Amino acid sequence: DAQFQVNLAEIKISKEPTADSKAGFVIRLIDGEVADYFKNVLTSGNSNLYEAYGIVTGNFSDRDFRIEAGQWRALTGHEDVGFGDFVSRSYSFALLQPIIGKGVRATWSLDEDTSITGVLQNSFNGTEDVNKDVTIGFQYK
């Protein structure tokens with residue numbers, strides 16, 4: 001018996017800022033068996049919302065900047081594993097792997113190849129941070 005099963009369906013709606021419109025957004029929804037695991041085990045929630053954040057761009061001191069606020073894929077540990085979003089990272093993080101975070105991040109371009117990014121985040125996998133401490137991140141690229 002041949003069967004077809006959808007383990008993950010994803011819809012992403014986004015608008016990048018332009019020279020005429022300095023604002024944008026990203027909304028990313030997920031559904032399916034992988035999404036159920038994500039919602040019930042990792043985030044203790046029932047939302048299909050994976051990412052949702054607003055974007056504002058501009059220029060300060062002749063340098064471009066970008067500010068994003070909302071919920072996005074986690075900044076620490078997630079990207080450097082090198083797999084897709086929903087591939088098991090158990091070897092690296094066990095069960096408490098960071099998947100999503102909420103907060104504000106800002107990037108300021110120093111030149112075409114160099115930028116500084118700062119992050120303030122107060123959420124872990126969609127749950128409220130009970131200690132109320134803010135995670136501070138910094139990247140020089």
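The values are calculated or read from the model by the stated rules, or taken from the named source; none is laboratory data. It should be emphasised that the depicted structure is a prediction, and the values quoted were computed from it without experimental measurement. Every residue, glycine as well, gets a Cβ built from its backbone with ideal geometry; the counts of neighbours run over all protein chains shown.
Here are a few things to note about the model shown:
- Scanning region 1-27 for residues that are in contact with a helix residue (DSSP H, G or I) (Cβ under 9 Å, 6 or more places away or on another chain) and of a type in the set (S, T, N, Q) yields GLN5, ASN7.
- Filter result for TYR50 (part of a strand (DSSP E or B) and either touching a helix residue (DSSP H, G or I) at 6+ places or on another chain (Cβ under 6 Å) or modelled with pLDDT under 85 (or both)): yes
- Annotation: ASP64 fulfils all but one of (1) under 15 Å from GLY101 (Cα atoms); (2) modelled with pLDDT of 80 or more; the unmet one is (1).
- Of all positions in region 121-138, none carries a residue that is surrounded by 10 or more Cβ atoms within 10 Å (Cβ to Cβ), modelled with pLDDT of 65 or more and more than 22 Å from ALA52 (Cα to Cα).
- Subset of region 98-120 that is at pLDDT 80 or above and of a type in the set (Val, Ile, Thr) - its residue that is surrounded by the fewest Cβ atoms within 10 Å (Cβ to Cβ): THR114
- Selection status of ILE55, in contact with a Leu (Cβ under 6 Å, 6 or more places away or on another chain) and either at pLDDT below 75 or part of a strand (DSSP E or B) (or both): no
- All positions within region 11-27 that are closer than 14 Å to ARG66 by Cα, in a loop (DSSP other than H, G, I, E, B) and not polar (S, T, N, Q): GLU16, PRO17, ALA19, LYS22
- Residue under evaluation LEU95, criteria (1) exposed (fewer than 12 other Cβ atoms within 10 Å of the Cβ); (2) at pLDDT 90 or above, criterion not met: (2)
- Scanning region 67-81 for residues that are more than 24 Å from ALA9 (Cβ to Cβ) and modelled with pLDDT under 65 yields LEU75, THR76, GLY77, ASP80.
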